[in-house]
Amino acid sequence: MSVGITVLIIGVLIVISATAIYNNLVKLRPSVAESWSAIDTELRHRYDLIPNLVETVKGYASHEKGTLEAVISARNTAASTQGSPQTQAQNENVLNGALRQLFALSENYPQLKANESFNQLQQDLAETENRLSQARRFYNANVRELNTAIQSFPSSIVANTAGFKSAQYFEVDDQAARGPVSVKF
């Protein structure tokens, strides 16, 4: 009789533990989605600023058509991405490179550097980049927490049984950003 009660108590404890683990995993999944939404919001704001920036530069550097078209093309590609964080990060790397080229152009046009609209757009873009960086850190922290829960024992058993999948980090790692900007005419 006491063996039966012990087995029953152990069974109840296992069910309670599995339920708690499952509920924790369920709670973590929307945290990742919510933090991705914050990244998406900042990216959309960034994409809205870029055409204004290009138009401002166009007035001063109209013969730099290739650079301006590259920025708009990279912006459109990044803005239309609906894939994974990894795909979004790859497109953001291309856009970052195109923007660096655009800002490098401003060095050659003193009137453009003195333009109030250009300076305001640059400042707005820098603020957006800061908010985007914060959102990316928040998202990656939530991804780390979810992935740790999915991969840790005993929650890995519950996660695999319930079909939870690891989330991808959003890592914009542009090697070109670490080097000097090259300007070619």
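From Val12, Val94, grab the single residue that is more than 15 Å from the chain's Cα centre (by Cα) and under 30 Å from Asn147 (Cβ atoms).
Values: Val94 fails: more than 15 Å from the chain's Cα centre (by Cα).
Exactly one residue qualifies, and that residue is Val12.
Could you list, in sequence order, the residues of the stretch 130-168 that are more than 20 Å from Tyr22 (Cβ to Cβ), without any contact (Cβ under 8 Å) to a residue 40 or more places away in the chain and either polar (S, T, N, Q) or not in a helix (DSSP H, G or I) (or both)?
The answer is Asn130, Ser133, Gln134, Asn140.
Could you check the stretch 73-104 and list, in sequence order, the residues that are out of contact with any helix residue (DSSP H, G or I) (no Cβ under 6 Å at 6 or more places or on another chain) and more than 30 Å from Ala167 (Cβ to Cβ)?
Those that are out of contact with any helix residue (DSSP H, G or I) (no Cβ under 6 Å at 6 or more places or on another chain) and more than 30 Å from Ala167 (Cβ to Cβ): Phe103, Ala104.
Count, please, the residues in the stretch 144-164 that happen to be surrounded by 13 or more Cβ atoms within 10 Å (Cβ to Cβ) and touching a Ser or Thr at 6+ places or on another chain (Cβ under 8 Å).
Within the stretch 144-164, residues that are surrounded by 13 or more Cβ atoms within 10 Å (Cβ to Cβ) and touching a Ser or Thr at 6+ places or on another chain (Cβ under 8 Å) number 5.
From Glu69, Glu127, grab the single residue that is of a type in the set (D, E, K, R), over 30 Å from Asn23 (Cβ atoms), surrounded by fewer than 19 Cβ atoms within 10 Å (Cβ to Cβ) and at pLDDT 90 or above.
None of the other options fit; the residue is Glu127.
Of the residues Ala74, Ala89, which is crowded, with 18+ Cβ neighbours inside 10 Å and either in contact with an Asp or Glu (Cβ under 6 Å, 6 or more places away or on another chain) or outside any helix (DSSP H, G or I) (or both)?
Ala89
Could you figure out which of (1) in contact with a Gly (Cβ under 8 Å, 6 or more places away or on another chain); (2) modelled with pLDDT under 85 isn't true of Ala74?
Result: Ala74 fails condition (2) only.
For a quick check of your reading of the model, give me the residue pairs whose first member lies in the stretch 25-49 and is under 28 Å from Gln151 (Cβ atoms) and modelled with pLDDT under 90, whose second is of a type in the set (Val, Ile, Thr) and part of a helix (DSSP H, G or I), with beta-carbon atoms closer than 6 Å and at least 6 apart or on different chains.
Matching pairs, first to second residue: none at all.
For the stretch 53-66, give me each residue that is surrounded by 15 or more Cβ atoms within 10 Å (Cβ to Cβ) and either of a type outside the set (Val, Ile, Thr) or in contact with a strand residue (DSSP E or B) (Cβ under 8 Å, 6 or more places away or on another chain) (or both).
Leu53, Tyr60, Ala61, Glu64
The values are calculated or read from the model by the stated rules, or taken from the named source; none is laboratory data. Quantities reported herein were computed from a predicted structural model and do not represent experimental measurements. All Cβ positions, even for glycine, are placed from backbone atoms using ideal geometry, and neighbour counts span all protein chains on display.
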